[in-house]
Amino acid sequence: MTVLVLGASGKTGRLVVEQLLAQKVSVHVVVRSADDFHALISDHIPNIHQLIITEASILNLSVQELNELVSGCSAVISCLGHNMSFKGIYGQPRRLVTDSVKRTCQAIKHTANSHFPVKYILMNTTGNRNIKAGEKISLAQKVTIWLIRQLIPPHADNEAAAEYLQAHFGEANENVEWSVVRPDSLIDEVDYSEYDIYPSPIRSAIFDAGITSRINVAHFMTALVTDSALWAQWKTKMPVIYNSVN
């Protein structure tokens, strides 16, 4: 089994890589600098020999290069996001997440074995409402999210990426099966802890946000790859993950 991880140099992405390797899963990452990536990950990662690194920007790869990249992969995990700097929020590319999802999904459609659909796991946010599932939010939250959408382009990018998967890959799709994982306010913890998964948010992402540790997100997304029963439960859904409250 080989898993392609996008956004592997981010705080959550690098934890996904470590979790996958710990499960003896071969991992292929696309990063701008192999040296910088090696400096970020732990020196004691097990099965490091199963890590393949491609130096590139995912949006600059040719169609042929993308096809070769996804060929043979059982799953793609995208932890891509925008840097929380002025340039990262308002600069180019504005649609990093959405365009990456579209391009990699198109590559999967050209290369995948229809008998074994590729799992596509997208890290998103609880601020993205699953309208198709009938999720309701207050008027105040609607107004606030509308303002965020207008003022902070990455939010609209996250919404569009999830909408693309929903619109193009349903339950019976032969090439791609997907799950959009929605953590709440992200925090850093050393080890994973107990966490809870819900089909929809149980609290307001704006006015009563919960917390989710990045390593718990990585643990859950890794489990979606390796646990077929868990995948059957959450494919074509947008599960919400919170740290358990003790």
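Every number here is computed from the coordinates shown, using simple stated rules; none is lab data. Because the structure is a prediction, the values reported are computed rather than measured. Note that we place each Cβ from the backbone using ideal geometry, even for glycine, and neighbour counts take in every protein chain shown.
Quick notes on this structure:
- The simple spin-label model puts a point 7 Å past each Cα toward its Cβ; for S193 and Q92 those points are separated by 4.3 nm.
- Taking 0.36 nm per residue of sequence separation and removing the Cα-Cα distance, the A223/E171 pair yields an extension gain of 16.7 nm.
- At full extension, E65 and L186 could sit 40.3 nm farther apart than now, given 0.36 nm per residue minus the alpha carbon distance.
- Sparsely packed loop sites in the stretch 136-185 (the trypsin sites (Lys or Arg not before Pro) outside DSSP H, G, I, E and B with at most 13 other Cβ atoms within 10 Å) comprise K136.
- The spacing between the stretch 52-73 and the stretch 108-187, judged by their C-alpha centroids, is 22 Å.
- Annotation: amide H of V181 within the under-5 Å range of L122, M123, N124, sequence separation 5 or more or interchain, hydrogens built in the peptide plane.
- Using 0.36 nm per residue and subtracting the Cα-Cα separation, the extra length available between T54 and K102 on full extension is 15.3 nm.
- Its relative contact order, with pairs defined as Cα atoms under 8 Å and 6+ residues apart, puts the stretch 2-243 at 20 percent.
- Evaluated with a Cβ-only charge set (Lys, Arg +1; Asp, Glu -1), the chain carries a dipole of roughly 740 debye about its Cα centre, given to the nearest 20.
- Backbone amide hydrogens, once placed in the peptide plane, bring G210 within less than 5 Å of S185, excluding anything fewer than 5 places away on its chain.
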